Amino acid sequence: MGTLPTPSTATQLKQEQILQGALTIFLQQGYEGTSMDRVASAAGVSKITIYKHFQDKEGLFTALIDWVTTQRFQIVFGALSLEDPPEVVLRRVATRLLDMLAVDEEYIAFLRLIIGESGRFPAIAQRFIQVLPKKVLRVLTRYFQAHPELKFTDPEAAARIFVGSLITYVMTQKLLHGQSIIPMQQDVLIDSVIDMIVRYPGPATDSGK
């Protein structure tokens, strides 16, 4: 006979069951249009069970942001060796991110949901920024700080330039359906951004002094 899951594992599985149902309904109905009744039906649980694990709809959506973004962060940064040289690390990060977003329509829809609701519910967007972009920037900033040969005067600014280039590509090509208007091959973008970062000559100096 198989062993029964431990209480902590059972709790985690139940929470993930609720979160998966919640994701379906939030993507269909938006934040304001989602009710706990619909989430309960989609998740196959009672409303009491949802409230047992998540205090209210805001708490549920906050947990959903954490759950969804943690999964995607692991896809990009999981098992990534930060001991490798910058050109290797940055290429892996950029390729993993853009390859994932090229096929992950659920996550693209989730990003559209957060952007669309950010005007009325800024705390939603702020939570997303806190748990994903800020985390990514922190990892890359520390990596750049550990590589003085890159000659960055501000490693955090360099991390923002790298991440911002990828975000702009995703925004224009995927989120805003701009592939046919301002097309660009993914490999061309990655090569160009990495070349700009890795071959940065350092701050200009006054040779006359």
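All of the numbers you see were taken from the coordinates with simple rules; none came from a lab. The shown structure was predicted, so the numbers you read here are calculated from the model rather than taken from an experiment. As a convention, Cβ positions derive from the backbone with ideal geometry for all residues, glycine included, and neighbour counts pool all protein chains shown.
The table below gives the values:
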| item | result |
| --- | --- |
| When residues of the range 115-165 are limited to those that are of a type in the set (D, E) and assigned to a helix (DSSP H, G or I), the one surrounded by the most Cβ atoms within 10 Å (Cβ to Cβ) | E117 |
| Test for M196: is it part of a helix (DSSP H, G or I) and surrounded by 12 or more Cβ atoms within 10 Å (Cβ to Cβ) | yes |
| Test: G59 is among the small types (G, A, S), more than 30 Å from I161 (Cα to Cα), within 21 Å of the chain's Cα centre (by Cα) and surrounded by 14 or more Cβ atoms within 10 Å (Cβ to Cβ) | no |
| Unique residue being without any contact (Cβ under 8 Å) to a residue 12 or more places away in the chain, within 30 Å of E32 (Cβ to Cβ) and of a type in the set (D, E) when the list is E117, E105, E83 | E105 |
| Total residues in the range 168-193, condition loosely packed, with under 11 Cβ neighbours inside 10 Å and in a loop (DSSP other than H, G, I, E, B) | 6 |
| Qualifying residue in the range 50-66 (condition: under 30 Å from D195 (Cβ atoms), acidic (D, E) and touching a residue at least 60 places away in the same chain (Cβ under 8 Å)) | no |
| Residues within the range 15-49 that are assigned to a helix (DSSP H, G or I) and over 25 Å from the mean Cα position of the chain (by Cα), tallied | 8 |
| Residue within the range 42-62 that is in contact with a Ser or Thr (Cβ under 6 Å, 6 or more places away or on another chain) and small (G, A, S) present | yes |
| Candidates F110, F128, filtered to the one that is in contact with a Leu (Cβ under 7 Å, 6 or more places away or on another chain), farther than 30 Å from A204 by Cβ and of a type in the set (F, W, Y) | F110 |
